[in-house]
Amino acid sequence: MKDILGARRGFLLGWILTLLFAVPAVRALTPRTTDLDVPKRCNLERVFKRIGYNCAKLDLKEIPQNLKSSMEILDASYNRIRDLNPGTFERYTDLQYLYLAENMIQTIEPGTFAILTNLEAIDLSYNALTTIPVELFNLPLLRNLYIYSNNLYDLRTDLESIEKPIRAPLQLLNIADCRLGSVPDFGILPDLWHLNLSSNPLQHIQPQQFSPLCNLKTVDLNNTKMPPCACQQMTFYMRRRSIAIKNGMTNCDSSAEELIYCPDVVNSTRDASDFDECNVVRETKVLNEKATSSWMIVALSILACLVAFVVLLYVCHRRNAKSTKDVQKITLSDVKPSEENGNRDTLLSYDKT
């Protein structure tokens with residue numbers, strides 16, 4: 001009997017110990033509901049009084065369609081987005097800043113960005129694109145375009161088919177590390193002041209390729225692997241146009257023997273006709289902006305005069321109305337005593353008779 005009770009106790013003790021050690025192990029192996037069931041959401045943020053969403057690093061495969069349609073900033077970088085189509089941004093036509101870097105974007109269907117007429121900056125860097133979507137060049141407010149670290153093999157062919165000068169007022173263009181052999185022909189860009197061409201094998205670069213960029217202030221040519229003679233030509237050209245070269249240029253410290261066979265550096269710094277045309281376009285644009293601002297000042301002045309005139313009429317009307325009321329009050333106060341005296345005299349005359 002004692003052996004049976006001891007065996008039962010040992011069995012119960014072993015079963016309890018098994019439960020104590022097994023349950024925590026099972027819990028550790030079982031995924032938490034918070035990790036699987038709760039979806040990751042974009043964070044609503046306000047940046048400089050603009051409505052924005054931070055959707056970065058959420059492993060998204062497409063742009064969420066449940067965000068506020070009035071958002072102006074969207075950061076969907078560091079995700080797994082592969083394709084974009086016209087329906088992607090159909091609800092978000094107020095977008096001004098769009099960040100799509102570090103995705104897997106391979107295909108952008110025509111019409112995807114055409115509806116984003118308020119877009120001012122876009123980042124498509126570190127994707128799998130082979131060209132720049134040409135409709136970006138028709139956006140009326142696009143100023144900053146970042147598309148570095150893409151293999152833009154088809155860019156040259158696509159640029160030949162677009163209408164020039166392009167409509168977008170580009171001011172900053174970053175096409176670094178895009179496997180470019182020469183400066184892409186974007187046509188006249190009168191507003192562009194910064195161009196990043198670093199980390200490209202610019203074997204066919206020429207100073208005249210910068211002629212359509214008459215407002216260029218800084219250029220990044222670091223690690224471009226250009227030939228020594230081209231590097232010397234670019235140095236002279238940039239110096240003459242007072243364009244700052246950021247981060248310096250490689251292959252410019254060549255020996256004199258290597259430079260003997262270089263073409264005439266002075267002649268290579270001559271600008272093409274595109275430079276003069278670009279300046280004309282820029283001056284015309286500046287004059288139009290001044291004329292627009294002048295008309296705005298004139299219109300505001302006229303409006304201010306009209307408002308002042310209306311206010312003056314209203315004040316005069318109130319004064320006249322007030323003075324009229326005062327006169328009526330004075331007249332009524334004079335009339336009442338006279339009427340009372342007249343009635344009293346009438347009564348007295350009746351009494352005498």
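Results, tabulated for the structure shown:
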| item | result |
| --- | --- |
| Region 130-209, accessible area per residue, ligands and nucleic acids excluded (1.4 Å, Å²) | 42 Å² |
| Long-range amide H partners of Lys246 with built H, under 5 Å | Val219, Asp220, Leu221 |
| Flagged links, alpha-carbon separation over 32 Å, of Lys68/Lys246; Lys49/Lys285; Lys217/Lys290; Lys40/Lys246; Lys57/Lys225; Lys61/Lys217 | Lys68/Lys246; Lys40/Lys246; Lys57/Lys225; Lys61/Lys217 |
| Amide H contacts of Arg143 (H built 1.01 Å from N, under 5 Å, at least 5 apart or other chain) | Ala121 |
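The values are calculated or read from the model by the stated rules, or taken from the named source; none is laboratory data. On a predicted model such as this, the values are computed, not experimentally measured, just so you know. Just so you know, the surface numbers come from the protein's heavy atoms only, side chains and all, with ligands and any DNA or RNA stripped out. Shrake-Rupley method; radii C 1.70, N 1.55, O 1.52, S 1.80 Å.
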